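*Asks:* Here it is, the structure in full.
Nothing in this text is a laboratory measurement; each read-out follows from the coordinates by a stated rule. Since we're looking at a predicted model, the values are computed, not measured. Cβ coordinates were reconstructed from backbone atoms using ideal geometry, including for glycine residues, and neighbour counts include every protein chain displayed.
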Amino acid sequence: MFSHTSQPCQFDRDCPVVMIPSGEEVTLPEGTVGYITQSLGGSFTVFVDGNLFRVAGIDADAIGKEPVLPPSISADASLDEVEKLVWSQIRTCYDPEIPVNIVELGLVYSCEVKPDGKGGYEVAVQMTLTAPGCGMGDILVEDVHSKISLIPTISEVDVELTFDPPWNHQMMSDVARLETGML
């Protein structure tokens with residue numbers, strides 16, 4: 001289940017995690033031993049006793065890694081600079097079972113950034129999942145929401161999940177197809 005690049009780890013404290021693919025939130029106790037199978041986008045996928053769990057970047061210290069710092073941007077950043085940072089943040093969101101970010105997977109249908117009239121910005125994202133029944137759907141939506149919300153100039157984030165049109169492999173970038181062996 002884990003590759004030759006897996007790294008052993010031990011939880012140094014009780015840690016909230018998300019079970020993959022069900023999306024169930026559980027706590028792994030201090031002393032739990034496992035293997036880090038993926039560390040992309042600031043979160044970690046850990047293999048423990050036959051199950052996969054996602055460890056959030058803010059809890060990286062529990063497995064001996066540096067916690068992920070929030071993004072920064074100047075208060076007078078242009079709309080273009082804010083849009084670039086928003087897209088950069090979305091690209092740090094990964095399906096924990098696929099080592100490709102959700103933008104390259106073709107899961108983000110649109111992202112609109114506009115001034116809120118108060119010196120900040122509102123962001124509206126429309127995205128989908130690789131399958132409607134994906135147990136990680138709520139987790140991925142929350143991941144996009146929370147990572148965009150970390151940007152200091154963002155006042156509001158709306159992430160809408162849609163299945164119209166349904167996702168298919170043709171929506172993946174060439175990079176994603178190459179990475180997943182579909183090219």
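*Asks:* Relative to the longest principal Cα axis of the chain, at what angle does helix 137-149 sit, 0 to 90 degrees, rounded to 10?
*Replies:* With rounding to tens, the tilt is 60 degrees.
*Asks:* If packing is taken as the mean number of other Cβ atoms within 10 Å per residue, what is the order of 43-52, 64-73, 161-170, 89-98, highest first?
*Replies:* With the highest mean Cβ count within 10 Å placed first, the list reads 89-98, 43-52, 64-73, 161-170.
*Asks:* Rounded to whole Å and sorted largest first, list the principal axis extents of the Cα atoms in segment 6-46.
*Replies:* Here the Cα extents, ordered largest to smallest, are 23, 22, 15 Å.
*Asks:* Ok, one more. Apply the a/c threshold of 1.5 to the C-alpha gyration tensor of the chain and tell me whether it is rounded, prolate or oblate.
*Replies:* Cα axes put the chain in the oblate bin.
*Asks:* Taking a ≥ b ≥ c as the square roots of the Cα gyration tensor eigenvalues, with a/c under 1.5 meaning rounded and otherwise prolate when a/b beats b/c, else oblate, which class fits segment 1-103?
*Replies:* Prolate, since a/c reaches 1.5 and a/b exceeds b/c.
*Asks:* Compute the angle between helix 79-90 and the longest alpha-carbon principal axis of the chain, please, reported from 0 to 90 degrees and rounded to the nearest 10.
*Replies:* 20 degrees
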